[in-house]
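Since the structure comes first, as C-alpha cells, the remarks are kept for the end.
The values are calculated or read from the model by the stated rules, or taken from the named source; none is laboratory data. Everything numeric in this text was worked out from a predicted model, so none of it was measured. We place every Cβ from the backbone using ideal geometry, glycine too, and count neighbours over all the protein chains shown. SASA here: full protein model, heavy atoms, side chains in, ligands and nucleic acids out. Shrake-Rupley method; radii C 1.70, N 1.55, O 1.52, S 1.80 Å.
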Amino acid sequence: MALTLKVKSDSPARSAVLLVAEYCSTPVTVQESDDCVPKLATKEGTLSGTVTVCSYLASLAPAALASQLVGATKELEAEVADWLSRSSLSLADVDQDALKAVDTSLATRTLLVGTAVTLADLVVFGSVAPIVSSLAPAELSASLCNLARWFDYVFGITGAAKHYKAPTLKRAIFKPPAELYAPPAAPAKAEKGGDKAASKGDDKAPAKDGKGGKAEGGKADAAAAAPAAKAKGEGEKKEGGGEKKEKKEKKPKELPTKKEVSLSVSILDIRVGTIVKCGDHPSADALYVEEIDLGEDKPRQVVSGLKKFIPLERMQGARVLVLCNVKPGKLRDVMSNGMVLCASNADHTQVDFVQPPEGVPNGERITFKGVEGEPEPVLNPKKKQFDALAPGLKTDANGVAGYEGNPFQTTKGPCTSPKMPGCNIK
C-alpha cells in the first residue's frame with residue numbers, strides 16, 4: 001500500500017515530513033488538506049502528528065539507516081527521544097529563546113545527537129527552518145552562530161534544498177597568518193658590489209694625504225650622512241603620519257544579557273501521588289502513559305520516559321512524587337500534565353523513583369525547612385525555571401532527596417530513593 005500524506009500545503013510540518021521521507025528514500029503521495037497536523041495513511045492505519053509520522057518513516061528505512069536515525073545505542077536513542085519531545089513542546093512555537101537553546105546545545109557538537117544525522121536533526125531542522133530563514137545573516141552570525149553552522153550543514157547533506165529555501169548566511173573567511181605565507185625576501189644583490197667598492201676605496205686611501213685626503217673623506221662622510229638623514233626624516237614623517245591616522249579599535253557590541261534572578265525552590269509544586277493505571281505509549285517504545293491520583297477530582301495523565309528503567313509491574317500502584325506545575329503539553333501526540341521525579345546516576349543508565357514515606361496522603365505538597373513561598377501556577381518554559389533549580393535537586397549518601405541538602409519534607413518524614421544515593425533528581 002502506497003503511503004499517503006494529508007496536510008495543509010503551507011504547514012511547516014509538510015516540509016519536515018517530506019524531508020524525512022526523502023532522506024529515508026521512502027516515496028510518499030501528498031494530498032491537500034485543511035489540517036496543519038500531518039496525517040499519514042498506512043496499511044496499519046492512519047498516523048497523526050509530525051513526530052509520529054516521521055518516526056514511522058524512519059522505521060521503513062534500511063536497517064542501518066533506521067538504527068542511525070533513532071539512535072544506534074540506548075544512550076543515543078534516549079537523546080533522540082528527548083529532542084523529539086522538545087520539538088513537540090518548546091519548539092512547537094519557535095521563538096528567540098527556543099533558538100538560543102538549540103544554539104547553546106550545539107556549542108560543542110556538530111549535530112544534535114552523536115556524530116551522524118538522526119531524526120532529532122531532521123525534525124528540529126523542520127521546526128526552526130521558517131524563522132531561521134527569515135533572520136538577517138548578521139543576526140545569525142552574531143548571536144546564533146552555532147545554530148547557523150548546524151543549519152547550513154544539515155541543509156547541505158540531507159537534500160533539504162527540495163523542500164526549503166537555501167539559507168543566506170554570512171560565512172567566516174579564513175585568513176592564514178601572514179608570517180606563514182609571506183613571499184621570500186629578495187636577495188641583496190648590492191651587497192657584493194658594495195663590498196668591492198669599499199675594498200677599492202680602502203686600497204686608494206693610503207695613496208692620498210694632506211688636504212686631498214681630508215677633502216675626499218669629507219665628501220664621503222657627507223654622501224653617507226645625506227641618505228641616513230633622509231631616511232631618518234622619512235621615518236619620522238611616517239611615524240607622525242601613523243599617529244594621526246591611527247584609529248581606536250571598535251569593541252564588538254555585546255549582546256544584552258538577562259538579569260539573573262534568584263529563584264526559590266518554593267516555586268516548584270511537588271506533590272505526593274499514586275500511579276493507579278499505567279500502560280505503553282501508543283507510538284513511543286521508551287514511554288509510559290500513567291494516570292496518577294494526586295488527591296484531585298480525577299487522576300492526572302502523565303507521560304514518562306521510564307520504560308527502559310522500571311518494569312510495568314513496578315509502575316502499577318507505585319507511590320511517587322510529581323512536579324505538578326510544568327506546562328502541559330503533548331509527548332509524541334499524547335497529552336502529559338506533570339512529571340514524575342526520579343533519581344538518576346551520572347550516565348543515565350540507572351533510574352528509580354523518589355518516594356514518600358508510608359502514610360502520606362495523595363496530594364500532600366513537599367516542603368523544605370526554612371523555605372517559604374507559594375509555587376508558581378505554571379512554570380514558564382521560556383524562563384527555564386526548573387532547569388535553573390535542577391542542579392540542586394539531589395539525593396545524599398543515604399538516598400535522602402533534597403534541594404541543596406535541604407530534605408524533601410512531608411508530614412511523615414523525608415522522601416527517599418534508597419537505591420540511588422548521591423544522584424541527580426529530575
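Would you be so kind as to identify which of 355, 322, 334 lies farthest towards the positive end of the dipole of segment 272-399, taking Lys and Arg as +1 and Asp and Glu as -1 on Cβ and the Cα centre as origin? Farthest towards the positive pole: 334.
Reported to the nearest whole Å, the Cα centre-to-centre distance from segment 331-353 to segment 275-291 is 12. Pairs to check: 39/426; 330/384; 298/412. Give those whose C-alpha atoms are more than 28 Å from each other in this structure. Table pairs above 28 Å Cα-Cα are 39/426.
All distinct Cα pairs of segment 286-386 go into the 1/r average, and the inverse of that average, the Kirkwood radius, is 15.0 Å. For segment 1-62 and segment 118-144, what is the separation of their C-alpha centers, rounded to whole Å? Centre-to-centre (Cα) distance: 22 Å. Between residue 277 and 291, 317, the built amide H atoms are under 5 Å apart, and every one of these is 5 or more places off in sequence or on another chain.
Loop-located trypsin sites (Lys or Arg not before Pro) across segment 5-102 with a Cβ neighbour count of 10 or fewer within 10 Å are 43, with loop assigned by DSSP. In segment 18-61, Cα pairs under 8 Å separated by at least six residues give a relative contact order of 45 percent. Over segment 1-74, accessible surface divided per residue gives 49 Å², non-protein components excluded, 1.4 Å probe. Compared with the alpha-carbon gap, the fully stretched path from residue 29 to residue 298 is longer by 92.6 nm at 0.36 nm per residue. Annotation: extensible slack from residue 82 through residue 384 equals 107.1 nm (criterion: 0.36 nm per residue apart, minus Cα-Cα distance).
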